[in-house]
Amino acid sequence: MSDPLVGTLVDNRYAVRSKLARGGMSTVYVATDQRLERDVALKVLHPHLSADENFLGRLGREAKAAARLSHPHVVGVLDQGNDGRTAYLVMEYIKGHTLRDLINDKGALPPRLALALIDPVVEGLGAAHTAGFIHRDVKPENVLISDDGRIKIGDFGLARAVTTATSTGALIGTVAYLSPELVLGKPADARSDIYSVGIMLFEMLTGQQPFDGDVPIQVAYQHVNGTVGPPSALVPGLAAEVDELVQWCTSNDPENRPVDGNALLQELRHIRTHLTDAELDLHPPAAAAGGAAGTSHYHAPFQDHAPFQDVPPRRSPAAFDDTEYVPQHTEVIGRTNNPTTVMPYGKPAAPPYPPSQGGFTSAVRSAGPGSSVTGRALTPTGDDSGQTWSPPPAVLGKRAQRKADKEDERARVRAAATPARTLHEGNPRRRGILWVIVLILAALLATGAGWFFGMGPGAAAAIPSVANKTVAQAQQLLDEAGFRSVTSDVFDDDVPSGLVVGSEPASGTEVRKFQPVSLFVSKGPQLFPLPELAGGTLAEAKNSLNAAEMALGTVTEQFDEEAPAGTVLSQDPAAGTAVRHGTPVSLAVSKGPEPIPVPSVVGQDRDDAVDAIEAAGFLAEVAREEVFSRDVPKGAVAGQAPATGTLIRGDTVTLTISKGPRMVEVPSYIGKQAADARKALESLGFQVRVNNILGGFFGTVRDQDPVNREVPEGSVITLTVV
């Protein structure tokens, strides 16, 4: 069906080209910003939100705040406004696809790919959390993957504006990824986003979501009363560290989750660097890779769908065999005036797994009487025994088998390294001395190792903050902390040249002192030479500036005798000047030759007229044929073409020269009636003057002057009448 906005101009600036998708709160279009001549994503809010003045005010404030959040992994907010009944947001247009498309196509992802994809998402959330932003609607549909591999998270501010503007009896978000505190109507913070990231990572690793149900409220109930199991229950062989990471993020109690995206990012990168290649490249089993075919009754409608991509949602070959895939929208779930109160039963059950050394394994919560857990589904049991959450038997068996396999391997290595019998019995006293020496060496080694890892180069210390410091200051801080450093130059638009942009590992990270620290020193902004624009047309100059990622500055027009109209005469800054991307370039454009008024030379002598025409900048051309003229004497200009108006310098003005008046013979009309004589003479081109004698009673011409000779045309003929 056609969309009424497609083909229109919003706010006299954004030309709507095509519709991308429609979600629970808005419809997204691809539009062209005619002022800056670039493609943007235009998110137009649904009428019920556009009509709410309180919401529009909140949205404007959130959009302004989100526009100040500049990060490589966060979709930028460019503009916000109202055009009549159309309320809109303008965001960066990312051409590519979403993480949802990737999961639908691939199903369960290998840990290496899943952790690599989630890393920039967590980094972008960490930057937002540092700036005081909470996303509230993290999900695969809001993770955008561009065609060139950039990963960004979008829709900052919209969910927050809706949450604040709507009543407290409404739940805003995507049910499959909602944190328990949001379901219960409690205040949300950065840890709510972390919960959604954990659910999303579970889905990436297993190909399916941890909770499902026939209606959204069932999924929301499981978020509050259930516990997310380890992904290894669906993907056998998955590293325990990955299980613990997912369960740390998805703990029901926010206090047991990472405090924000930055804390999660450090642990995520630590795990990625310490897992083996075999653990990272684990190939998910066919059941997990194929998605959750036939097992999910309701996967909450997700997303303000795919807000900045032009690849339509794709359907996994095995993910939905019997049901049609429905894009996942952000959803509003109304509550009743008397919401059901969830009462705790007894004490929480003991964790089925021992806590990891990292200290973030989630405790298993009590499910309450009347229910038990098998795998992921909450099922009624019909008794009041108060059963608790526990992992599937397959998980316990897998871990026990893995531990037994490791013990068998160690036993085989020890057996292979131990000889069956000794060839030399040796001296017992000598063996005692050797044992003493061995013990002394072991003590020395232990002492050395203790010093090395306690106070020496192997001791752990935090990297100091070195941003915006000179290289000497940064190296001194690192030397004082016990680190050695190396420097490398990088471009940076914000940090002045010569100052330190940051370090790797980042400041605040605890590492061993023997590990080198890389200092990134700013070379200033990266500069690019401007293209040559002079000599081309204005349209060609615009295309060249767009290709060089530069902006069009002021365009001034001026007359030029040589360059045709529309030709670029000059540019500022000049061609070849090294400038940043986005620098405005001013252009001077030709209006063509300047028009000059044509002087009038009619009546002037021929030579004087030619001089006047040439002095004005034109070419004078004298017509071959001369003309008779009553008023212009012979040899003067009787006419010119053009006579008036303007011409371009160098154009031709044609002059026609007078031959003087025509000579005509005057016939005699003496004795004829004066009226007939007058009429005949005037037809010959003469002027007639009549002198009446005695009143001209008879009306007869008695005398005529001149008569019977040639005179100039237009001469005066005098008639004497009696």
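The values are calculated or read from the model by the stated rules, or taken from the named source; none is laboratory data. A quick note: this is a predicted structure, and the numbers were derived from the prediction, not measured. In this analysis, Cβ positions are derived from the backbone assuming ideal geometry, glycine residues included, and neighbour counts consider all displayed protein chains.
Is there a residue in segment 619-640 that is within 30 Å of A548 (Cβ to Cβ) and outside any loop (DSSP other than H, G, I, E, B)?
Quick first cut of segment 619-640, residues within 30 Å of A548 (Cβ to Cβ) only: none.
No, segment 619-640 has no match at all.
Any residue in segment 507-530 that is among the hydroxyl-bearing types (S, T, Y) and in contact (Cβ under 8 Å) with a residue 60 or more places away in the chain?
Within segment 507-530, one or more residues are among the hydroxyl-bearing types (S, T, Y) and in contact (Cβ under 8 Å) with a residue 60 or more places away in the chain.
Just a yes or no: is a residue in segment 209-218 assigned by TED's automatic domain parsing to the domain that holds K186, charged (D, E, K, R) and part of a helix (DSSP H, G or I)? Walk me through it before giving the result.
Kept after step one, since they are assigned by TED's automatic domain parsing to the domain that holds K186, are these residues of segment 209-218: 209-218.
Add one more test, that the residue is charged (D, E, K, R), and what stays is 212, 214.
Keeping just the survivors that are part of a helix (DSSP H, G or I) gives none.
No, there is no match, as no residue in segment 209-218 is assigned by TED's automatic domain parsing to the domain that holds K186, charged (D, E, K, R) and part of a helix (DSSP H, G or I).
What residue, of G660, G671, is farther than 30 Å from V598 by Cβ and modelled with pLDDT under 85?
Values: G660 fails: farther than 30 Å from V598 by Cβ.
The unique qualifying residue is G671.
Checking the structure you have, find out if any residue of segment 614-623 is of a type in the set (A, V, I, L, M, F, W, C), in contact with a Gly (Cβ under 8 Å, 6 or more places away or on another chain) and surrounded by fewer than 17 Cβ atoms within 10 Å (Cβ to Cβ).
yes
Scan L182, L205, L201 and give me the residue that is part of a helix (DSSP H, G or I), over 17 Å from P140 (Cβ atoms) and touching a residue at least 12 places away in the same chain (Cβ under 8 Å). So that I can check it myself, show each step before the final result.
On the way: L205 fails: over 17 Å from P140 (Cβ atoms); L201 fails: over 17 Å from P140 (Cβ atoms).
Checking each option against the conditions leaves just L182.
If a residue must be in a loop (DSSP other than H, G, I, E, B) and surrounded by fewer than 14 Cβ atoms within 10 Å (Cβ to Cβ), how many such residues does segment 643-661 contain?
Here is the first cut: in segment 643-661, the residues in a loop (DSSP other than H, G, I, E, B) are 643-645, 649-651, 659-661.
Within this subset, residues satisfying the condition of being surrounded by fewer than 14 Cβ atoms within 10 Å (Cβ to Cβ) are 643-645, 649-650.
Going through segment 643-661 one residue at a time, the tally reaches 5.
Can you give me the ranges of the helices (runs of 4 or more DSSP H) entirely in segment 1-115 with at least 3 residues that are surrounded by fewer than 20 Cβ atoms within 10 Å (Cβ to Cβ) and modelled with pLDDT of 90 or more?
The qualifying helices (runs of 4 or more DSSP H) are 99-106.
Suppose we filter P230, P187 for residues that are surrounded by fewer than 20 Cβ atoms within 10 Å (Cβ to Cβ) and either modelled with pLDDT under 95 or more than 19 Å from R136 (Cβ to Cβ) (or both); which single one remains? First the steps, then the outcome.
Values: P230 fails: surrounded by fewer than 20 Cβ atoms within 10 Å (Cβ to Cβ).
Selected residue: P187, the only one of P230, P187 that is surrounded by fewer than 20 Cβ atoms within 10 Å (Cβ to Cβ) and either modelled with pLDDT under 95 or more than 19 Å from R136 (Cβ to Cβ) (or both).
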